[in-house]
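The values are calculated or read from the model by the stated rules, or taken from the named source; none is laboratory data. In this text, all values refer to a predicted model and were calculated from it rather than measured experimentally. Positions of Cβ are generated from backbone atoms using ideal geometry, with glycine treated the same way; all protein chains shown enter the neighbour counts.
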Amino acid sequence: MPVKDKVVVITGGSSGMGAATAKLANERGAKVVIGSRNQAKLDEMLKTVAHPENFAVQLTDVTKLTDVQSLVNLAVEKFGQLDVLYNNAGIMPQGMVADAEKLDEWQAILNTNIMGVLNGISAATPIMRKQGHGLIMATDSVAGHVVYPGSAVYNGSKYAVRAIMEGLRQEEHQNGIKTGIVSPGAVDTNLYSTVHDEKIRKQMLEGNSANKNGWLKSEDIAEIAVFMMSQPENVDINEVLVRPTGQPI
């Protein structure tokens with residue numbers, strides 16, 4: 001079943017992979033609602049999508065259940081149902097686990113990367129149960145499959161997302177609710193702006209740029225995400241792991 005006419009909600013939808021996915025889904029006929037914390041970027045998205053009549057935006061902080069619930073409710077009120085919720089919002093602070101100065105950043109990772117996904121699940125599941133169908137997605141990462149120094153807390157958040165989404169699949173498949181995660185490697189997005197350790201950020205950016213084919217584009221991930229959304233009800237693609245060809249990890 002193509003994505004055309006499906007109602008798709010995307011968090012972190014005003015930039016990077018979320019924006020690329022929102023634009024592509026809208027271009028292919030989906031009714032799309034996006035949320036993010038940046039009102040200016042949300043407004044700009046409305047001006048740049050192919051079918052603005054099938055597009056809506058709302059200021060949303062995924063760490064707040066009330067915000068995510070309001071975003072989901074907007075989709076149902078405006079377009080009548082909820083076919084896909086894509087929990088895409090995330091941050092990527094880096095640093096050594098034992099660094100006490102990083103505790104605020106570690107808490108922010110837990111609040112955004114883990115609780116943000118749980119808030120999305122909590123908001124969407126009752127609606128999808130009532131409908132008897134739906135797809136809940138999340139952006140994970142290669143970092144949810146391997147651990148490396150300076151990234152263990154971020155790694156842990158992405159391992160947690162994998163576990164949560166698999167648990168959701170097992171608990172909700174009998175209700176017609178599908179789950180899927182997209183686990184990208186290095187993608188050229190503004191996610192690196194959330195790496196506040198300058199030394200680590202420089203190493204990550206220079207390391208990827210030094211490799212031939214060292215980066216994915218947001219549009220590459222959008223194609224995968226929309227493909228996942230486009231499957232018929234009897235097909236559930238649970239995970240896609242995708243790296244740039246030049247990435248060694």
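Quick notes
- Members of segment 1-21 that are within 20 Å of ALA124 (Cβ to Cβ) and free of Cβ contacts under 8 Å to residues at least 60 places away in the same chain: ASP5, SER14
- Members of segment 62-109 found to be in a helix (DSSP H, G or I) and of a type in the set (Gly, Ala, Ser), listed by number: SER70, ALA75, ALA100, ALA108
- Test: residue in segment 213-234 that is within 26 Å of LYS102 (Cβ to Cβ), in contact with a helix residue (DSSP H, G or I) (Cβ under 9 Å, 6 or more places away or on another chain), among the small types (Gly, Ala, Ser) and at pLDDT 90 or above: no
- The test for being touching a Lys or Arg at 6+ places or on another chain (Cβ under 9 Å) and buried (at least 20 other Cβ atoms within 10 Å of the Cβ) does not hold for ALA22.
Rundown of residues vs (1) under 22 Å from VAL240 (Cα atoms); (2) in contact with a Ser or Thr (Cβ under 8 Å, 6 or more places away or on another chain); (3) surrounded by fewer than 17 Cβ atoms within 10 Å (Cβ to Cβ), yes/no style:
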{"position": "ASP67", "(1), (2), (3)": "no, yes, no"}
{"position": "LEU74", "(1), (2), (3)": "no, no, no"}
{"position": "GLY90", "(1), (2), (3)": "yes, yes, no"}
{"position": "MET96", "(1), (2), (3)": "no, no, yes"}
{"position": "GLU101", "(1), (2), (3)": "no, no, yes"}
{"position": "LYS130", "(1), (2), (3)": "no, no, yes"}
{"position": "LEU135", "(1), (2), (3)": "yes, yes, no"}
{"position": "SER151", "(1), (2), (3)": "yes, no, no"}
{"position": "LYS158", "(1), (2), (3)": "yes, yes, no"}
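- Among the residues of segment 114-157, those that are farther than 25 Å from GLY176 by Cα and either among the acidic types (Asp, Glu) or part of a helix (DSSP H, G or I) (or both) comprise VAL142, ALA143, GLY144, ALA152, VAL153, TYR154, ASN155, GLY156, SER157.
- Cβ-Cβ distances below 6 Å connect the following pairs, each with a first residue in segment 100-129 that is polar (S, T, N, Q), a second residue that is assigned to a helix (DSSP H, G or I), and a separation of six or more residues or different chains: ASN113/SER157; ASN119/LEU65; ASN119/VAL68.
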